[in-house]
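Asks: Let me give you the structure first, and then I'll get to my questions.
Bear in mind that the values in this text are calculations on the coordinates, not laboratory data. The shown structure was predicted, so the numbers you read here are calculated from the model rather than taken from an experiment. Note that each Cβ is placed from the backbone with ideal geometry, even for glycine, and that neighbours are counted across all protein chains shown.
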Amino acid sequence: MKTTGQRRIRVLVVDDSSFLRRSIPLLLETDPGIVVVGTAANGLEAVRMVRELRPDVITLDIVMPVMDGLSALKRIMAESPTPVLMLSHGTHEGARQTIQALSLGAVDFLAKPSGEVSLDIARIRKELIEKVKTVHSAGAKWFDAGGSASEKFRQMVFEAGSESAAAARGATGTFGARQKIELVAIAASTGGPMALQVVLGSLPRELPAGLVIVQHISRGFSGALADRLNSVSPLEIRKCTGDEWIVPGLGLLAPDGRHLKVGRREGKLCASVVDEPANTLHKPSADVLFSSIAETCPAATCAVIMTGMGDDGAGGIKAIYDRGGVTIAQDEATSVVFGMPKSAIEKGGIQMVVPVESIAAAILDVLK
């Protein structure tokens, strides 16, 4: 039945499982704003069908015969740039390939359920629909007739690895005399894996402050993200798995499914991984991290809130700002989703709003 008003989101489903090629369209079309215009069983079919059907969004499997999902993604981005939602298994290799897909231009990903059981598939219906809509919204910003904006992002990631990249971009603001900054804290969600590569790739190995990071991510994927960030950044980036000292030149990424907090022990900053509070919408939570910093070292912190849906982190970064910290938000133009930065700005907790490619320079200016 046709809906009136706004045009429905046209989706191409690509998966080598015949069960999922039947099930995913059924789940998506429970939303009247979505219509599945075709299904493909491998990457080569997907490349052809994208050219013919011009879908608004593609859901793309990774492991497929004939042509795998990563190879298809490269072809699609080169020939017919289209917003892509990756569907991935949460194995070590699946997580690594998914993070690679986000670097190749995919907007977001969704972890597949553990088995091909209708009940398991049905459990992801709400999240699947939400992510397709989010990816579609990002499409208007990142994919246009002039080419793929995700390609520009990939170029930023490449450029970020050069030694002079951050210095070449120049300072983006000036700050008066203040307490020495000991800590940089960054939070991100949708669009974050790509944006983090741009920022961390532009920070020097000799960063004179510790670094802590919260990225909303599905279980099983934080280790692969840490490895990816470590590969593009001069800094050492690793997943925090317990109590660790926070030291200059080291970046600690919150593990999926647990919170990251900052405290002091023996007069030095340290990071800890905890399970409480248990009732947060996101785990790890940006608000939990930022609130712990507001209690420990707010005036010695540069806090950054980046692309993401919702308002996680807005309250915590406002507390850091109120207690003398420096706060930065990613701008709307370079955010895949402007929810988290916008909420922080509206709360009055942000001093600077800058594009993603200028965030590293802004951090370095604060640290001078």
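Asks: Holding the Cα-Cα limit at 24 Å, pick out from 180/268; 133/239; 133/342; 112/347; 283/318; 261/347 the pairs that are longer than that.
Replies: Going by Cα-Cα distance, 133/239; 112/347 fall outside the 24 Å limit.
Asks: Rounded to the nearest 500 deg cm²/dmol, what is the calculated helix-only ellipticity per residue at 222 nm for the chain, with -39500 (n - 2.57) per DSSP H run of length n ≥ 4?
Replies: About -12000 deg cm²/dmol.
Asks: Same structure, new question: Mind listing the phi-derived Karplus ³J(HN,Hα) values for region 131-138, rounded to whole Hz, using 6.51, -1.76 and 1.60 with θ = phi - 60°, and x for any glycine or proline?
Replies: Result, rounded to whole Hz: 5, 4, 5, 5, 4, 5, 4, 5.
Asks: Something else now. For a footprinting-style exposure proxy, rank 67, 309 by other Cβ within 10 Å, fewest first.
Replies: Starting with the residue having the fewest Cβ neighbours, the order is 67, 309.
Asks: Sorted from fewest to most neighbouring beta carbons within 10 Å, what does the list 357, 332 look like?
Replies: Going from least to most buried by this count: 332, 357.
Asks: GNM, the chain, Cα, under 10 Å: largest mean-square fluctuation among 200, 26, 128?
Replies: Its mean-square fluctuation being the largest, the pick is 26.
Asks: Another one. With 10 angstrom as the radius, rank 221, 109, 19 by how many other C-beta atoms surround their C-beta, starting from the fewest.
Replies: Going from sparsest to densest Cβ surroundings: 19, 221, 109.
Asks: What span do the alpha-carbon atoms of the chain cover on each of the three principal axes, reported in whole Å from largest to smallest?
Replies: Each principal axis gives a Cα extent; for the chain these are 62, 42, 40 Å.
Asks: Under the Karplus relation 6.51 cos²θ - 1.76 cosθ + 1.60, θ = phi - 60°, what is the ordered set of whole-Hz ³J(HN,Hα) values for region 60-77, x standing for Gly and Pro?
Replies: 10, 6, 9, 8, 9, x, 6, 9, 6, x, 5, 5, 5, 4, 4, 5, 4, 5
Asks: Also, quick follow-up: With a Förster radius of 25 Å, plug the Cβ-Cβ distance of residue 268 and residue 322 into 1/(1 + (r/R0)^6) and report the FRET value to the nearest 0.05.
Replies: Calculated transfer efficiency: 0.55.
Asks: Now for a different question. Give me the percent relative contact order of the chain, please, defined on Cα pairs under 8 angstrom at least 6 residues apart.
Replies: That works out to 13 percent.
Asks: Another question, then. Using the Karplus curve 6.51 cos²θ - 1.76 cosθ + 1.60 with θ = phi - 60°, work out ³J(HN,Hα) for each residue of region 257-265 in order, rounded to whole Hz, and write x for Gly and Pro.
Replies: Once θ is set to phi - 60°, the couplings for region 257-265 become x, 9, 8, 10, 10, 10, x, 10, 9 Hz.
Asks: Next up: Give me, ordered by chain and number, the residues 5 or more places off residue 239 or on other chains with an amide H under 5 Å from its own placed amide H.
Replies: Close amide H contacts, sequence-distant or interchain: 253.
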